[in-house]
Amino acid sequence: MPQPVSAMVMTARGLSRPAAWAVRSLPAVQQATSLADIPWGVRAALGERLLTHPLIVDSLVSRDGKTYAILLQMAGEGATGAVRRETVARLKQIVEAARIENENLRIILAGPYVTLIDMYDFVDEDLRVFSIAAFALVLVTLGVVFRRPAPVAFALVVAGSATVCTLGVAS
């Protein structure tokens, strides 16, 4: 079953060709579609009319002709997500390189594939921050309740052991 399409949106005609070639080499990209896929002879023969063709407008080119897209069909992968994370990281590198080369252009990397990885990264960061805050809050609360370090340490050891056993980290 094909994976969702992710889009790398570009705003320049010349930018889509090198970016389209770069994304094709990524491990999870099954197919990349852009204006670069249209044979040179067809592009030369049609010229500007190509950008208003019904099959191109609203799929690879916006109606106003200012936004161009590289559509990526992502391949399936295993449950680990390592390939997905690597692909998104390399897509971000390609976009950053294109931004450096074309400072006057607005380049956007979007789509469910990228959003999912970004969401996981945000959740991981939030989990770290909230875990530290919760530990500090528990430490202060235990300090106020017991008022001595020995019972506080004992309660932290018990709570820490229970957490480790519950999460399966102890095995």
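The values are calculated or read from the model by the stated rules, or taken from the named source; none is laboratory data. It should be emphasised that the depicted structure is a prediction, and the values quoted were computed from it without experimental measurement. Ideal geometry is used to build each Cβ from the backbone, glycine not excepted, and the neighbour counts take in all protein chains shown. The protein model used for the area step is the full one, side chains on, heavy atoms only, and it has no ligands, DNA or RNA in it. Shrake-Rupley method; radii C 1.70, N 1.55, O 1.52, S 1.80 Å.
Being out of contact with any Leu (no Cβ under 7 Å at 6 or more places or on another chain), under 26 Å from S25 (Cα atoms), open to solvent by less than 90 Å² (accessible area, probe 1.4 Å) and part of a helix (DSSP H, G or I) is true of A97. Within the bounds of the range 113-125, is there any residue that is in contact with a helix residue (DSSP H, G or I) (Cβ under 6 Å, 6 or more places away or on another chain), within 23 Å of A32 (Cβ to Cβ) and surrounded by 13 or more Cβ atoms within 10 Å (Cβ to Cβ)? Looking through the range 113-125, at least one residue is in contact with a helix residue (DSSP H, G or I) (Cβ under 6 Å, 6 or more places away or on another chain), within 23 Å of A32 (Cβ to Cβ) and surrounded by 13 or more Cβ atoms within 10 Å (Cβ to Cβ). Every test in (1) on the phi > 0 side of the Ramachandran plot; (2) surrounded by 14 or more Cβ atoms within 10 Å (Cβ to Cβ) is passed by I107 save one, and that test is (1). Taken over the range 57-94, residues that are assigned to a strand (DSSP E or B) and open to solvent by less than 50 Å² (accessible area, probe 1.4 Å) amount to 8. When the residues of the range 22-50 are filtered to those that are surrounded by 12 or more Cβ atoms within 10 Å (Cβ to Cβ) and not hydrophobic (A, V, I, L, M, F, W, C), the one that is farthest from L91 (Cα to Cα) is R43. Among the criteria (1) more than 27 Å from L50 (Cα to Cα); (2) of a type in the set (G, A, S); (3) assigned to a loop (DSSP other than H, G, I, E, B), the one A134 does not fulfil is (3).
Applying a threshold of 9 Å to beta carbon distances and a minimum spacing of six or more residues, or different chains, the list of pairs starting in the range 137-159 at a residue that is touching a residue at least 60 places away in the same chain (Cβ under 8 Å) and ending at one that is part of a helix (DSSP H, G or I) and surrounded by 12 or more Cβ atoms within 10 Å (Cβ to Cβ) is empty.
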